[in-house]
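Trainee: Next up is a structure, given as structure tokens.
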Amino acid sequence: MDLGVLKLLVYGLNFLFSFLGLSLEEGVMVNSKERDPDSSSEGGRRMRSLNQPPNVLFIVADDLGWNDVSWHNSNINSPALESLAAEGVLLDQYYVMPTCTPSRVAMMTGKYPYKVGRQHMYIKPLMPAGLPVNVQIMPQYFKQAGYTTHAVGKWHLGFCHQNYTPTFRGFDTFYGFYLGSQDYYFHTKEYYDDRGYDFRLNEKILRGPEVEGKYSTDLFVN
């Protein structure tokens, strides 16, 4: 696999587990088999916690600049993101693609986008294209490791065929929209003189008072 996000992730997890005296076996974190403390003790509870694989959260924020977060710029107020950054792994020496679809391709595959033919631009509403289905992507690797996978928000990796969509690419659930730059309240995408509705729960178009007229970010958080 090319140097990329997945390789960096595996390297980082291996380093972390090694530091904690743990190891990765077939993608699942396990502890030494030599110790079997009483499950009712504090040590037993801690051991059970260590035997569980860690939760992994990836956040992709389009057009987020270096100085648009509080840990780089004191004029920005982003306490929730700062807390996540402080408790997680902060990657601050890297380059990304200039548009959204190639950036997502790189993160999902761990490959340079030109390796899979998606380096040029974002996927437009009527473009019959997507991330090639013969390329295994991040959620599929996590599924192999025993994880449950969920995607929330913007997909933008193709939807002209169902096999390009999130729940056919390794995600157990999807809540969000397939395209990009949609209206926050009406959940529509304008393309020249056309306007289409794009808000989905898994493979279903999601309509109704629980979403229509509601701010997208609030829906994703709740």
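Trainee: Would you tally the net charge around residue 76, using a Cβ to Cβ cut-off of less than 10 Å, leaving residue 76 out, and scoring K and R as +1, D and E as -1?
Mentor: Charge balance in the 10 Å sphere: -2.
Trainee: Moving on to the next point. Which residues' amide hydrogens lie under 5 Å from the amide hydrogen of residue 154, considering only partners 5 or more residues apart or on another chain, with H built in the peptide plane?
Mentor: 177
Trainee: Over the stretch 70-222, how many pairs of lysines fall under 25 Å by alpha carbon, counting only those 8 or more apart in sequence or from different chains?
Mentor: The result is 18.
Trainee: Sticking with this structure for a sec: Compute the label zone of residue 192 within the stretch 124-145: residues whose backbone N is under 12 Å from the point 7 Å along Cα-to-Cβ.
Mentor: It comes to 125-127, nothing else.
Trainee: Could you put 131, 201, 219 in order of accessible surface area, largest first, with the 1.4 Å probe and the full protein assembly present?
Mentor: From most accessible down to least: 201, 219, 131.
Trainee: Residue by residue, what Karplus-based ³J(HN,Hα) values in Hz, rounded to whole numbers, does the stretch 59-75 have, using 6.51, -1.76 and 1.60 with θ = phi - 60° and x for Gly and Pro?
Mentor: 3J(HN,Hα) across the stretch 59-75, in whole Hz: 10, 10, 10, 4, 6, 7, x, 4, 8, 8, 10, 5, 7, 10, 9, 5, 7.
Trainee: Separate question: Taking a cut-off of 27 Å, what percent of all Cα-Cα pairs in the stretch 97-222 are separated by more than that?
Mentor: Distances greater than 27 Å cover 17 percent of the Cα pairs.
Trainee: Can you send over the carbon and sulfur percentage of the accessible area for the stretch 140-222, probe radius 1.4 Å, protein chains only?
Mentor: So the carbon and sulfur contribution to the accessible surface is 51 percent.
Trainee: Counting pairwise Cα distances across the stretch 85-125, what percent come out greater than 13 angstrom?
Mentor: More than 13 Å apart: 56 percent of the Cα pairs in the stretch 85-125.
The values are calculated or read from the model by the stated rules, or taken from the named source; none is laboratory data. Note that the structure is a prediction, hence the values are computed from the model and not measured. Quick reminder, even Gly has a Cβ in these numbers, built from the backbone with ideal geometry, and neighbours come from all protein chains shown. To get the accessible areas, we keep the full protein, side chains included, count just its heavy atoms, and leave off ligands, DNA and RNA. Shrake-Rupley method; radii C 1.70, N 1.55, O 1.52, S 1.80 Å.
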